[in-house]
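Below is one structure, written out as structure tokens; comments come after it.
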Amino acid sequence: MIARIRGTVSEVRPTSVYLDIDDLTYEVFVPAVSRPELEARVGQRVTLFTLEYIAGNPSFGSLTPQLIGFLSESERDFFLRFITVPGLGINKGLKAMTVPTGEIALAIESRDINALSHLPGIGKRTAEKIIAELNGKLQGFFTGQLEAVRRAPVGGGFQVEAIDALVQLGYRRNEAEELVGRVLAGGSKADTAEKLIQDCFRHSVR
């Protein structure tokens, strides 16, 4: 099995990325959440943590090997758990991952059906099924994000701490500032960076 692939990003497509490796170009399917970073790295070398699977229906004689790529091992591990939910599957799982995996994991652990049902392709019934299958099993996928909030530098108020933490988690600073601003304008009652960052996660999932 191909566990990692490293190459130069030559093109980012709606559902995949093209990686140039020597004289070959590989198409690797990626979740939507990864595309902004990959678009920013066109012409640069990246490492993707991969899964292989066979797409198609053997009854019709059309089977195609495909690669799925993730920007981190943790993201790949989350996806493997995510698609164990009956009826979810690889394609629906990739389509649903429009926000960081930590946010989805937090929504599952918080039993936030509304947040999950707003992910692409995930309705209320599927959201309930996801929670029933995975609640209590995903803490490790978002505790690191909460720790990042606790480690954020102090000195500018908890709003600035939350913004700094979001930057540490991979958001661009202007995106973090905009997200925090929207959450506060939406009536967030958070009085600490940790509470504010959780509100941000829930808001961005929606």
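Laid out as a table, the results:
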| read-out | value |
| --- | --- |
| So GLY93, is it in a helix (DSSP H, G or I), buried (at least 18 other Cβ atoms within 10 Å of the Cβ) and modelled with pLDDT of 90 or more | yes |
| Number of the exception - VAL149 against (1) assigned to a helix (DSSP H, G or I); (2) modelled with pLDDT of 75 or more | (2) |
| In region 6-26, the residues that are assigned to a strand (DSSP E or B), within 19 Å of the chain's Cα centre (by Cα) and more than 13 Å from ARG41 (Cα to Cα) | SER16 |
| Answer residue from region 1-33, given it is in contact (Cβ under 8 Å) with a residue 60 or more places away in the chain and of a type outside the set (Phe, Trp, Tyr) and is nearest to ILE104 (Cα to Cα) among those | VAL33 |
| Identity of the residue in region 40-69, in contact with a strand residue (DSSP E or B) (Cβ under 8 Å, 6 or more places away or on another chain) and of a type in the set (Phe, Trp, Tyr), that ends up surrounded by the fewest Cβ atoms within 10 Å (Cβ to Cβ) | TYR53 |
| Leading residue by the ranking (farthest from ARG41 (Cα to Cα)) among those in region 162-187 that are of a type outside the set (A, V, I, L, M) and more than 22 Å from the chain's Cα centre (by Cα) | GLY187 |
| So GLU75, is it closer than 22 Å to PRO14 by Cα, of a type in the set (Asp, Glu) and surrounded by 12 or more Cβ atoms within 10 Å (Cβ to Cβ) | yes |
| Residue check for THR15: among the hydroxyl-bearing types (Ser, Thr, Tyr) and under 27 Å from LYS124 (Cβ atoms) | yes |
| Close pairs from region 108-136: first not assigned by TED's automatic domain parsing to the domain that holds PHE82, partner surrounded by fewer than 19 Cβ atoms within 10 Å (Cβ to Cβ) and among the hydrophobic types (A, V, I, L, M, F, W, C), Cβ under 8 Å, at least 6 apart | none |
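The values are calculated or read from the model by the stated rules, or taken from the named source; none is laboratory data. Predicted, not measured: the structure shown is a model, and the values here were computed from it. Virtual Cβ from ideal backbone geometry, glycine too; neighbours counted across all protein chains shown.
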